[in-house]
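Input: a single structure, listed below in structure tokens.
The values are calculated or read from the model by the stated rules, or taken from the named source; none is laboratory data. All of these numbers come straight from a predicted model, not from anything done at the bench. Note that we place each Cβ from the backbone using ideal geometry, even for glycine, and neighbour counts take in every protein chain shown. To get the accessible areas, we keep the full protein, side chains included, count just its heavy atoms, and leave off ligands, DNA and RNA. Shrake-Rupley method; radii C 1.70, N 1.55, O 1.52, S 1.80 Å.
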Amino acid sequence: MRAVHHWIDGKALESGSGRSGVVWNPATGQQQATVDFADAAEVDLAVAAAKDAFGSWRSTGLSKRAQIMFSFREIVNGRKAELAAVLTSEHGKVPTDATGEIARGLENIEFACGAAPLLKGGYSEHVSTGVDVYSLRQPLGVVAGITPFNFPAMVPMWMFPIAIMAGNAFILKPSEKDPSTAMLLAEWLAEAGLPAGVFNVVQGDKVAVDAILAHPDIAAVSFVGSTPIARYIYETGTRHGKRVQALGGAKNHMLVMPDADLNMAADAAVSAGYGSAGERCMAIAAVVAVGGVGDALVERIVARIPKIVVGPGTDPTAEMGPLITGEHRDKVVSYIHSARRQGATVVVDGQDYTPPAGNENGFFTGATLVDNVKPGMDVYDNEVFGPVLSVIRVDTYNEALALVNDSPYGNGTAIFTRDGGLARQFQQECTVGMVGINVPIPVPVAYYSFGGWKASLFGDRHMYGPEGIDFFTRTKAVTSRWPDPRESSVNLGFPETR
Ligand code: NAD
């Protein structure tokens, strides 16, 4: 059986920890590989390699760093099909989802290629007689990224291109559920000319994560995953003196106002609710039908569901694939049962879906639509992370806004309306980090930054873009005076500006 190893100091390294995990093919339900689980000593090895590489990498010219990033961009762009096949095999992504993930990842690599101007400091001449002050933006040193299963290519690309371009050495701990993408990216970075040790991959579980969080030579940790783990990462990492940004889970609401184009809203709800089988932190989970649009909207969503092609990602026509594991699929299905028990109306039940021949053991469930959902029901109060769309009916905009703002999460939200004034009011009033106006998945482009509010992000910097540059650098202010050969004297007073 194929084994997925670590990547340390420019080469694959087989673990000696004696611990490993199972890598499934979610579309068939078969085990396809094992993945090494690092112990603390292996994390030490990665940190030592990164620390060694950091010294010369940080003093490698910015244009040289940019050239390597450009070469990496060309490799990823040229081999998208190979990368997409790995995403399909281990995550279960259908073709449009896999290529979409790579395209959004590439945007972040391209941003990093051109990031040199953002790494500049400032300069003030003559702050006092003969004295200048300037600031430098410097890398942090060895930094780490810990990433979730649902975007094994894009989420690491939110982190390492900027971190490396800024002069840091990087250690990636990818999800143990789909670990091979990280290895492919490591090989391609080496091929692009990145010196050994600047990018390392440590495979594993909590043991590896805890070793990263406690390691004295790791300066910062960027995390993306579920809320309980994000909170743990933030609290533990900061307790060990690290800079931490920890992005957590979500429950994204989409408001549909009475004046909205209901066909457009139904298309959006289906796309954003069932795309990637609902395994997106920006998925729409709760459609809030405002002021009597419920019946017309539900009718339109129901009409669209049978047209979704559910199947393995190897089928070029498939639009929705399996869930990541059998255990996760069973949990998602349990929310359909609890919704029915707690008084909601299951209008379409994804359990009626039958996978095609050869995929009977895959981790599939079809698209589910649950109407008349209310706060207090399990399907509403929890992040389901599956293809289960809830409809909540309310009378007014204020009730809809209260649902959004009372949610413990604040990742994304959307409003569908033709009323620009109301949309503007909503963008101002909602306590959410990313807002779509007639756009259901408002993931910002790479030159803005990505991040939620409340329990969707712990820390004070959003991911990638300008805030990513801030996260992976620190500033230093230098006050300088050069002797002016024309004047020099002794002065015992406290330095004052003159
Ligand atoms: P997860 O929290 O289970 O795992 C994320 C990472 O943490 C993995 O690398 C995993 O190995 C590690 N981990 C898991 N349990 C741990 C523990 N007890 N101690 C230390 N480390 C641990 O998340 P997941 O299931 O891989 O991904 C899905 C979750 O990620 C969803 O909640 C989703 O909303 C969230 N997500 C958020 C964003 C965002 O930008 N806010 C983006 C993508 C995914």
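General remarks:
- Under the combined filter of DSSP loop state and at most 15 neighbouring Cβ atoms within 10 Å, region 1-81 retains these GluC sites (Glu not before Pro): Glu14.
- Rounded to 0.05, the FRET efficiency of the Glu360 and Asp44 pair, given R0 = 41 Å and the Cβ-Cβ distance, is 0.40.
- Rounded, prolate or oblate (a/c below 1.5 giving rounded, otherwise prolate when a/b exceeds b/c) for region 1-115 by Cα gyration tensor: oblate
- Candidate aspartates and glutamates for bridging to Lys120, where Cα separation is under 16 Å - those fewer than 8 sequence places away on the same chain excluded: Glu467, Asp470
- Overall shape: oblate for the chain, with the ratio a/c of the largest to smallest alpha carbon gyration tensor axis at 1.5 or above and b/c at least equal to a/b.
- Note on Asp419 and Ile437: their simple-model spin labels are 1.4 nm apart, each label 7 Å out from Cα toward Cβ.
- Cα convex hull of region 47-161 - mean projected area over all directions, nm²: 9.4 nm²
- For a modelled paramagnetic label at Ser338, 7 Å from Cα along Cα-to-Cβ, the residues of region 387-429 in reach, with backbone nitrogen under 18 Å, are 387-392, 407-409.
- Note on Asn263 and Asp484: their simple-model spin labels are 7.5 nm apart, each label 7 Å out from Cα toward Cβ.
- Cα→Cβ-extended label distance, 7 Å offset, between Asp205 and Arg231, nm: 2.2 nm
- Per atom type, the chain shows carbon and sulfur on 52% of its accessible surface, probed at 1.4 Å.
- Distance from region 101-128 to region 152-218 (C-alpha centre basis), Å: 21 Å
- Centre separation in Å (Cα based) which lies between region 342-371 and region 68-96: 29 Å
- Value of relative contact order over the chain, rounded to a whole percent, pairs C-alpha under 8 Å and six or more apart: 19 percent
- Over 27 Å [Cα-Cα, region 111-262], rounded percent: 36 percent
- Length released on extending from Asp378 to Ser128, taking residue separation times 0.36 nm less the Cα-Cα span: 83.6 nm
- Förster radius 35 Å - calculated FRET efficiency between Gln138 and Leu492, Cβ distance, rounded to 0.05: 0.55
- Taking only the alpha carbons of region 252-437, we obtain Rg and Dmax values of 16.0, 52 Å in that order.
- For region 37-93, pairs of C-alpha atoms spaced more than 17 angstrom apart make up 65 percent of the total.
- The H on the amide N of Val4, modeled in the peptide plane, is under 5 Å from the matching H of Thr34, Val35, Asp36, each at least 5 residues off or on a different chain.
- Estimated [θ] at 222 nm from DSSP helical runs (n ≥ 4, -39500 (n - 2.57)) normalised by residues in the chain, nearest 500: -11500 deg cm²/dmol
- Computed over region 248-311: relative contact order in percent, which uses C-alpha pairs under 8 Å that are six or more apart: 43 percent
- Förster radius 45 Å - calculated FRET efficiency between Thr238 and Gln30 (Cβ-Cβ, nearest 0.05): 0.65
- Cross-link partners of Lys51 among aspartates and glutamates (Cα-Cα below 20 Å; sequence separation of 8 or more within a chain): Asp9, Asp39, Glu42, Glu187, Asp210, Asp217
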